[in-house]
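Student: A single structure is presented below for examination.
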Number of protein chains: 2
Amino acid sequence: MTTTSDQSPATLPDRDRTSAPRDEDVRLDVEAVSELLLGRWPEWRRQARERAGDPQFHKDESLTPAEHRERVLAQMRVMVEGGNKLSWLAFPERMGGLDQPGANLACFSELVAADPSLQIKSGVQWGLFSAAILHLGTPEQQDRLLPDAMDLTVPGAFAMTETGHGSDVAAIGTTATYDPETQEFVIDTPFRGAWKDYLGNAALHATAATVFAQLITNGVNHGVHCFYVPIRDPKTQEFLPGVGGEDDGLKGGLRGIDNGRLHFSGVRVPREDLLARYGSVAPDGTYSSPIESPGRRFFTMLGSLVQGRVSLDGSAVNAAKIGLAIAVKYAAERRQFAGAGAEETVLLDYATHRRRLFPAIAEAYAGHFANERLLDLFDDVFSGEHDTPERREDLETTAAALKSTSTRFALDTLQECREACGGAGFLTENRITSLHADLDVYATFEGDNTVLQQLVARRLVADYGREVKGATKTPAGMARFVVERATGAALDRTGLRRVSQAIADVGDPRRAAGHLRDPETQRELLADRVATMVEDVAMALRPAQKAEPAKAARIVDENQVALVEAAKAHADLLRWEAFTTALTEIKDPGTRRIMTWVRDVFGLTVIERNMAWYLLNGRLSDQRARTVTAYVDRLLRRLRPHAVDLVDGFGYGQEHLRAKISSGAEAERQSEARAYYAAQRASGAAPVSEKALRKSSR
Amino acid sequence: MTTTSDQSPATLPDRDRTSAPRDEDVRLDVEAVSELLLGRWPEWRRQARERAGDPQFHKDESLTPAEHRERVLAQMRVMVEGGNKLSWLAFPERMGGLDQPGANLACFSELVAADPSLQIKSGVQWGLFSAAILHLGTPEQQDRLLPDAMDLTVPGAFAMTETGHGSDVAAIGTTATYDPETQEFVIDTPFRGAWKDYLGNAALHATAATVFAQLITNGVNHGVHCFYVPIRDPKTQEFLPGVGGEDDGLKGGLRGIDNGRLHFSGVRVPREDLLARYGSVAPDGTYSSPIESPGRRFFTMLGSLVQGRVSLDGSAVNAAKIGLAIAVKYAAERRQFAGAGAEETVLLDYATHRRRLFPAIAEAYAGHFANERLLDLFDDVFSGEHDTPERREDLETTAAALKSTSTRFALDTLQECREACGGAGFLTENRITSLHADLDVYATFEGDNTVLQQLVARRLVADYGREVKGATKTPAGMARFVVERATGAALDRTGLRRVSQAIADVGDPRRAAGHLRDPETQRELLADRVATMVEDVAMALRPAQKAEPAKAARIVDENQVALVEAAKAHADLLRWEAFTTALTEIKDPGTRRIMTWVRDVFGLTVIERNMAWYLLNGRLSDQRARTVTAYVDRLLRRLRPHAVDLVDGFGYGQEHLRAKISSGAEAERQSEARAYYAAQRASGAAPVSEKALRKSSR
């Protein structure tokens, strides 16, 4: 709970006001920015980006869905040909991998530029099916099952979701009942709602699946566990006895993936094929697990599969970058309506167009840097270097916060880019509609965004609860806590903070702008919002703990929207912090200054979007609030000359963008038109316009 | 510039507090609401909706784009078989039409439920190509050219947009140069940017086109005119000499339409085929027009084609209704995560889910009623009953305001519905992704939304200018105007209005809620916002009138975003007014009460979205502002039992929704699962959960 500070512009730490070049003279060092974005594993990422630019991996829009599915499988075979390790970075060295979990996800997230279907089908094979064996299996099981999964000898499905249960995995209906007679598990689908559904690879190619089912032995259900289950004869691709399924049919996108449904009737798998890292069954049916609590065991198993969310976060940001690069390059050439001069106005010179695209550029950078921090955290945990329960929890919360934010951001941005390119944006040859259609389901799979946001918020509230408990353990602590809250609340209710800002700013809009530019102000505004929202929700939820169930449910319901909002605010802060940290790595002062403007655009547009909150909670005076939009608009104008550099900084070439409108065709067409009109004028044969004629005859 | 009123709840005009049933007891009369939504031409609309429910007109998702294109053409032939007049409502009685322009658009907007490709290709044939002949041609030309266009003997393209010029039609490059020797126009495409582009029917089926070109005669360019140009040999479908073109290829949606490009090299058409209602050329090349000003002439020609915008507005709202009906029906059955009871919670019982869907239901109703008013206005003008220049201008402004709002609303809503249905929403069999893909370009064609919003705002500013001029003609008027502005501004700046509300509300949140529920409050808040924004922009733009061009451009640029915001606010007000008017037509008190809550949700969520503005402009006190969200949430809970009724009220049956998840399949699956678990429990063979076991052994 901090109030906003009043640092004057002269003391801003990120700006040397004496020797620095003028704002108009700075240029973005595109290469340095691209380099920075390559992150912690630049060589691997570069290699992955080269692969994504290779035509043999590109989406071919002319194919039928059936052809597209076969092409993607064939592409995956090429990807691991000759033991190419780029798809195996995360696997153990002893199986030909490189034990590089973080680099692996960085590379995976670049694959979206080739074809999202290729990316997600690869994700199913190596990030879900194989990863389940890796993370849920014992070393013996890894040795036995992984090699064939890794080299695609066994294409696999990841059979977790059911028609009846997607988000609530704990409630799935599939059962695996242990039969001590034969030392086998019997897998069964008891009703239609328990069919496995939406599984990539399941409609056609998978010959095995990692199947999640309720493990039942000796009459006890030990909860959801994962089983390795062969499902098709690899020679005929026919289902094995007891296995059935169907094709999910056409989807809104990702049509290169054969999603399908599976069901099981008395399918027997050997006792050894329960992936047994977190739970195993002895020959006599006795269940044992290294984790006593069934709840914690379940979440540990699911948590080991967090990489999906981490990698979708990065992929979504990359897809948004591609859309933005296409839209900005087109808008930098495209002209429409005569402006002040004789020439028509370039789209980027329209304030509305800058408003559509530039804040998204800023958000893409913020999202990128946040994903880099997330990759760090992921690598720390999964390389084993800092694998603590607290870090795992941090990782899961951060992944949920960022994945839900960036997939939403990508869809909104691609849609905005599509529309900003007009009719041209609707043509498949210009890529954006295709990316939008494919990315659409990123908002749902690997955790529905709304469910993830509630998970994030609940963790934040729990953390807050622990903090309060700590702070209020002593009577003195309790008293301090009560007083601090009361003071804060009083300040808000009376608008006193706002009034004091207003007095500070009287007659000086520059002071208000300087205040907004100060990174400490931005940080405080963003951090304070998260803290206050979490605290407010935590307080509002308190009575639910002791209420009877219906009342408690009502209290939770009344605060659910606020929970989601708090999670979003948290993601905003994470991204802002990551961006701000990244600024310190930029050496060139001009580049750093431009990127600081970009960061400011991110921070201030977040604040602008939530302005009502800042006003109602007394965090901004009316005067300062009014300054925000004007200052953002000023920043957007200032960024205008750097727009193309900024999207070039993303590091994608035309081999990644592959839109006709990002190829310079528009500029060519315009020069041709200009040349035609110039020649006509020169020839003296140009017709006079009736309008001009009427004017001159007046 | 009015302040908000403080009517107490007891005096609310729309609520009889003595004899009315309790809120919990009211039910929606679904049939009455559907009937109300049939609007002014219920019989025609009913017929059109039946047609849209007929399987022969439905989109077949299994077709290739090539097959889809042929199917749509074949469907269109069926639509006019035997002289069926449903597609000809707008045409003159003397040609077999019914002279019913308004009813025609109502029917057209229902076609979106069958297949948006069928709708838009029909729109190209009858709403653009034929309508150009109807509205831009002379009676002789209508008699000569319309019959073949109407009955599809001549499939036609509407060749206005060029690759280089979409929004700025006046600047197109195609020329039609009169040759007095042969009494022909010579149509030419001087450069690549002047190719006609994105034209429905042009890639395959059109044998003629209405081509827009700069009319040049005797060395003078008289601006854009429309020409009837045969382009293909109807026997071979080969291009005629001098005509060329290409296929636009795949698009993000509407793949049942053969969009393409056309170009012309010395193509000669007889003098008589200049569509000559607004301009003609005598044999000797002398140009004449009933409209002297070339600018007004151009806008009159374009204005006569306003029906595209009117009909897309209605269609977009209808598409949103379909998405909402699917998502709400599914969410009313789908359960996920165990709630307070033993059963899992229905999605609609989650506050987040209600927030996702219910405000959109309210907006769909608002959009529908606004489109009805727009249809009235359109019919008034185009039936000739009230065809005045002022009405035409009103019609054009309203159409631009609503089309840009409803197409945005439809896309956002379909996306939200898609995500609210989770993985199921991504399957093509559940319709929503398909609708989103097809509707996508509705935001661009018939006027890019951003361009339309600027058109709206500029008209509002011009109206304001006229008003001011009127009011300030006398010195007394001028003085009053200045004082009123100064007072208003002072009130805002000091937040005095806000303070007075705060004093009025102290300690009484019910009074604040009563205030919000009052329709006069809502109207004032919405209307005041439009008026203030327009006034603010108008004032800010004033200096541009006398500034030198670069400076003027800068001023306009600085206010462009505000212009667009003002246009959006205007559309919000129009929709709210239309909804409020419609409420008076509801007889059943319970239905009226529920629909009033729905209207309140619309009005208050609009206010909530713009809360920062209301706070910064002193229109709402902090206390009242805080009440808004809580009160909206209360309304959404209150609407929960009526959710399915409300989407049923849209009047669409499963033959229109055609999603598997809107068929009741989910509820069936759940009963099957419940029966399975119940039988298991009854048999005594149900496994005990480890969790329960641990608890009981503690």
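Residue by residue, here is whether (1) under 30 Å from B:Cys421 (Cα atoms); (2) surrounded by 24 or more Cβ atoms within 10 Å (Cβ to Cβ); (3) within 12 Å of another protein chain (Cβ to nearest Cβ); (4) modelled with pLDDT under 95 holds:
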| position | (1), (2), (3), (4) |
| --- | --- |
| A:Ala132 | yes, yes, no, no |
| A:Gly156 | yes, yes, no, no |
| A:Glu162 | yes, yes, yes, no |
| A:His165 | yes, no, yes, yes |
| A:Glu181 | no, no, no, no |
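Student: Let me ask something else about it. Within the stretch A:196-215, restricting attention to residues that are touching a strand residue (DSSP E or B) at 6+ places or on another chain (Cβ under 6 Å) and surrounded by fewer than 24 Cβ atoms within 10 Å (Cβ to Cβ), which residue is nearest to the other protein chains (Cβ to nearest Cβ)?
Tutor: Looking at the filtered set, the residue picked out is A:Gln214.
Student: Those residues that are acidic (Asp, Glu) and touching a residue at least 12 places away in the same chain (Cβ under 8 Å), I need them from the stretch B:256-307; list them, please.
Tutor: The answer is B:Asp258, B:Glu272, B:Asp273, B:Asp284.
Student: For the stretch A:447-509, which helices (runs of 4 or more DSSP H) that fit wholly inside it have 2 or more residues that are modelled with pLDDT under 65 and crowded, with 17+ Cβ neighbours inside 10 Å?
Tutor: Working: elements: A:449-471, A:475-494, A:496-505.
Ranges flagged: A:475-494, A:496-505.
Student: Something else: Return the residues of the stretch A:405-420 that are at the interface with chain B (Cβ under 10 Å from one of its Cβ atoms), farther than 13 Å from A:Ala443 by Cα and surrounded by fewer than 24 Cβ atoms within 10 Å (Cβ to Cβ); say none if nothing qualifies.
Tutor: A:Gln415, A:Glu419
Student: Another one. Name every residue in the stretch A:218-232 that is within 14 Å of chain B (Cβ to nearest Cβ), part of a strand (DSSP E or B) and surrounded by fewer than 24 Cβ atoms within 10 Å (Cβ to Cβ), in order of residue number.
Tutor: Hits for the stretch A:218-232 are A:Val220, A:Asn221, A:Gly223, A:Val224.
Student: Criterion first (of a type in the set (A, V, I, L, M) and within 28 Å of the chain's Cα centre (by Cα)) does A:Ala675 satisfy it? Walk me through how you get there before you give the answer.
Tutor: Values: of a type in the set (A, V, I, L, M): yes; within 28 Å of the chain's Cα centre (by Cα): no.
In short, no.
Student: Look through B:Arg255, B:Arg261 and report the one residue that is within 21 Å of B:Arg77 (Cβ to Cβ), at pLDDT 95 or above and of a type in the set (Lys, Arg).
Tutor: B:Arg255
Student: Any idea which of (1) assigned to a loop (DSSP other than H, G, I, E, B); (2) within 9 Å of chain A (Cβ to nearest Cβ) is the one B:Leu563 doesn't satisfy?
Tutor: (1)
Student: From the list A:Val606, A:Val556, exactly one residue is at pLDDT 95 or above and of a type outside the set (D, E, K, R). Which is it?
Tutor: That would be A:Val606, the only listed residue that is at pLDDT 95 or above and of a type outside the set (D, E, K, R).
Student: Would you check if there is a residue in the stretch B:619-636 being within 12 Å of another protein chain (Cβ to nearest Cβ), more than 17 Å from B:Asp518 (Cβ to Cβ) and more than 28 Å from the chain's Cα centre (by Cα)? First the steps, then the outcome.
Tutor: Quick first cut of the stretch B:619-636, residues within 12 Å of another protein chain (Cβ to nearest Cβ) only: B:620-630, B:632-634, B:636.
In the following step, the residues that additionally are more than 17 Å from B:Asp518 (Cβ to Cβ) were identified as B:622, B:626, B:629, B:633, B:636.
Those left that are additionally more than 28 Å from the chain's Cα centre (by Cα): B:622, B:626.
Checking the stretch B:619-636: at least one residue is within 12 Å of another protein chain (Cβ to nearest Cβ), more than 17 Å from B:Asp518 (Cβ to Cβ) and more than 28 Å from the chain's Cα centre (by Cα).
Student: If B:Leu435 satisfies every condition in (1) out of contact with any Gly (no Cβ under 7 Å at 6 or more places or on another chain); (2) closer than 27 Å to A:Ser434 by Cα but one, which is the exception?
Tutor: Exception for B:Leu435: condition (1).
Student: I need the full set of residues from the stretch A:564-615 which are without any contact (Cβ under 8 Å) to a residue 60 or more places away in the chain and polar (S, T, N, Q), in order please.
Tutor: Across the stretch A:564-615, the qualifying residue is only A:Thr584.
Student: Among B:Ala370, B:Ala342, which is touching a residue at least 40 places away in the same chain (Cβ under 8 Å) and either of a type outside the set (Val, Ile, Thr) or away from every other protein chain (no Cβ under 11 Å) (or both)?
Tutor: Going through B:Ala370, B:Ala342 in turn, the sole match is B:Ala370.
Student: Quick one: would you say A:Glu390 is assigned to a helix (DSSP H, G or I), more than 20 Å from the chain's Cα centre (by Cα) and modelled with pLDDT of 95 or more?
Tutor: Working: assigned to a helix (DSSP H, G or I): yes; more than 20 Å from the chain's Cα centre (by Cα): yes; modelled with pLDDT of 95 or more: no.
Spelling it out, it is not the case that A:Glu390 is assigned to a helix (DSSP H, G or I), more than 20 Å from the chain's Cα centre (by Cα) and modelled with pLDDT of 95 or more.
Student: Another question, then. For the stretch A:279-298: of the residues being within 37 Å of the chain's Cα centre (by Cα) and away from every other protein chain (no Cβ under 13 Å), which is nearest to A:Pro389 (Cα to Cα)?
Tutor: Filtering the stretch A:279-298 for residues that are within 37 Å of the chain's Cα centre (by Cα) and away from every other protein chain (no Cβ under 13 Å), the one nearest to A:Pro389 (Cα to Cα) comes out as A:Pro290.
Student: Evaluate the stretch A:39-60: report whether one residue or more is surrounded by fewer than 21 Cβ atoms within 10 Å (Cβ to Cβ), out of contact with any Asp or Glu (no Cβ under 7 Å at 6 or more places or on another chain), within 14 Å of chain B (Cβ to nearest Cβ) and among the polar types (S, T, N, Q).
Tutor: No, the stretch A:39-60 contains no residue that is surrounded by fewer than 21 Cβ atoms within 10 Å (Cβ to Cβ), out of contact with any Asp or Glu (no Cβ under 7 Å at 6 or more places or on another chain), within 14 Å of chain B (Cβ to nearest Cβ) and among the polar types (S, T, N, Q).
Student: Scan A:Pro116, A:Pro139, A:Pro147, A:Pro101 and give me the residue that is under 26 Å from the mean Cα position of the chain (by Cα) and over 21 Å from A:Glu43 (Cα atoms).
Tutor: A:Pro116
Student: Somewhere in the stretch A:157-170, is a residue under 26 Å from A:Asp197 (Cβ atoms), of a type in the set (S, T, N, Q) and assigned to a helix (DSSP H, G or I)?
Tutor: There is no residue in the stretch A:157-170 that is under 26 Å from A:Asp197 (Cβ atoms), of a type in the set (S, T, N, Q) and assigned to a helix (DSSP H, G or I).
Student: Output the number of residues of the stretch A:341-376 satisfying the condition of being closer than 19 Å to A:Leu452 by Cβ and surrounded by fewer than 22 Cβ atoms within 10 Å (Cβ to Cβ).
Tutor: Total meeting the criteria: 1.
Student: From the list B:Glu110, B:Glu140, pick out the single residue that is more than 30 Å from B:Arg255 (Cβ to Cβ), in the same structural domain as B:Ile257 (by TED's automatic domain parsing) and not β-branched (Val, Ile, Thr).
Tutor: None of the others qualify; the one that does is B:Glu140.
Student: Inside the stretch B:262-280, can you point out the residues that are touching a Lys or Arg at 6+ places or on another chain (Cβ under 6 Å) and either surrounded by fewer than 24 Cβ atoms within 10 Å (Cβ to Cβ) or more than 30 Å from B:Pro116 (Cα to Cα) (or both)? Spell out the reasoning first.
Tutor: Keep residues of the stretch B:262-280 that are touching a Lys or Arg at 6+ places or on another chain (Cβ under 6 Å), which gives B:262, B:278.
Within the stretch B:262-280, just B:Tyr278 meets the criteria.
Student: Identify the residue in the stretch B:84-93 that is surrounded by fewer than 21 Cβ atoms within 10 Å (Cβ to Cβ) and touching a residue at least 24 places away in the same chain (Cβ under 8 Å) and, among all such residues, is nearest to the other protein chains (Cβ to nearest Cβ).
Tutor: B:Leu86
Student: For the stretch B:643-697, which residues satisfy the criterion of being among the hydrophobic types (A, V, I, L, M, F, W, C) and part of a loop (DSSP other than H, G, I, E, B)?
Tutor: B:Phe650, B:Ala659, B:Ala685, B:Ala686
Student: Select from the stretch A:591-618 the residues that are part of a helix (DSSP H, G or I) and within 10 Å of chain B (Cβ to nearest Cβ) and list them in ascending order. Before you say what the answer is, go through the steps one by one.
Tutor: Let us first name the residues in the stretch A:591-618 that are part of a helix (DSSP H, G or I), namely A:591-609, A:611-616.
Of everything in the stretch A:591-618, those that are part of a helix (DSSP H, G or I) and within 10 Å of chain B (Cβ to nearest Cβ) turn out to be A:Glu608, A:Arg609, A:Met611, A:Ala612, A:Trp613, A:Tyr614, A:Leu615, A:Leu616.
Student: For the list (1) without any contact (Cβ under 8 Å) to a residue 60 or more places away in the chain; (2) within 12 Å of chain B (Cβ to nearest Cβ), I need the number of the one condition that A:Asp440 fails.
Tutor: Result: A:Asp440 fails condition (1) only.
The values are calculated or read from the model by the stated rules, or taken from the named source; none is laboratory data. No experiment lies behind these values; they were computed from the predicted model shown. Counting neighbours? That spans all protein chains shown, and the Cβs are built from the backbone with ideal geometry, glycine included.
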